[in-house]
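Right, one structure below, let's go through it.
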Amino acid sequence: MAVFWGLLSVFSVISLLAIGGANAMLPEMHRQLVELRGWLDDATFSQLYALAQAAPGPNILVASLMGYWIGGGAGLVAATLGMLVPAAAIAWVVGGVTQRLAGHPWLKAVQAGLVPVAIGLILAAGLTMAAASSGGRFDGPGIVWLAVTLVSTLFVWRTDFSPLWVLAGGGVLGLILAS
């Protein structure tokens, strides 16, 4: 039961910071689940993320999958509720305020100011996943994973191909480099 409440509290706090979506919160998920609590290791964290991204559905599946891995069915429920309920409550309140204040010039400035924050969080997520894939280091083989992350980012950003091709390519490259 302690894991249930732990997961619920961790993901509730993370959801309050989810500017840019669930992927933007990967660095904090990694810090909380791998570094601080030791519930996952780097390899498992990376594998669960890849599995969640390959599955159809919203990016929030990563939290549910990690919760399931850590605490079974109760962990899945705790992580999912933790990610959804606080964020939904804030979105409901902010949505109402935004509708009432539509047309105010400062509201547009605030919205425009959140764009770089979201971009920065998503870039940090990419670097966190590259670090997790390389055992937390960017020397030697870690440079390869950093390069793979950069190439993957450019591929998804600049082409119309499905991101699943990046996941498949990363899996094949991982098999090649691991053998």
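Here are a few things to note about the model shown:
- Computed from backbone phi with θ = phi - 60° and the Karplus coefficients 6.51, -1.76 and 1.60, the 3J(HN,Hα) list for the range 90-104 is 5, 4, 5, 5, 5, x, x, 5, 4, 5, 5, 9, 4, x, 6 Hz; x is used for glycine and proline.
- Overall form of the chain: oblate. Here a/c, set by the Cα gyration tensor axes a ≥ b ≥ c, is 1.5 or more, and a/b is not larger than b/c.
- Residue-wise HN-Hα coupling along the range 59-74, computed from phi with Karplus coefficients 6.51, -1.76, 1.60 (Hz; x: Gly, Pro): 5, 5, 4, 4, 5, 4, 5, 5, x, 5, 4, 7, x, x, x, 5
- Projected area, mean over directions - the range 2-104, Cα convex hull, nm²: 7.0 nm²
- Here is how the number arises for the chain: DSSP H runs of 4 or more residues each give -39500 (n - 2.57), the sum is divided by the residue count, and the result at 222 nm is -26000 deg cm²/dmol.
- Rounded tilt (10° steps) of 141-158 against the dominant C-alpha axis of the chain: 50 degrees
- Descending by average beta-carbon neighbour count within 10 Å, the peptides 103-112, 164-173, 31-40, 74-83 line up as 74-83, 31-40, 164-173, 103-112, the highest first.
- Estimated vicinal HN-Hα couplings, Hz - the range 31-38 in sequence order (Karplus 6.51, -1.76, 1.60; Gly, Pro = x): 4, 6, 7, 9, 6, 7, 9, x
- Counting beta carbons within 10 Å around each of Asp160, Asp42 and listing the fewest first gives the order Asp160, Asp42.
Every read-out reported here was derived from the displayed coordinates using simple, explicitly stated rules and does not represent laboratory data. Owing to the predicted nature of the structure, the values given are computational and were not obtained by experimental measurement. Every residue, glycine as well, gets a Cβ built from its backbone with ideal geometry; the counts of neighbours run over all protein chains shown.
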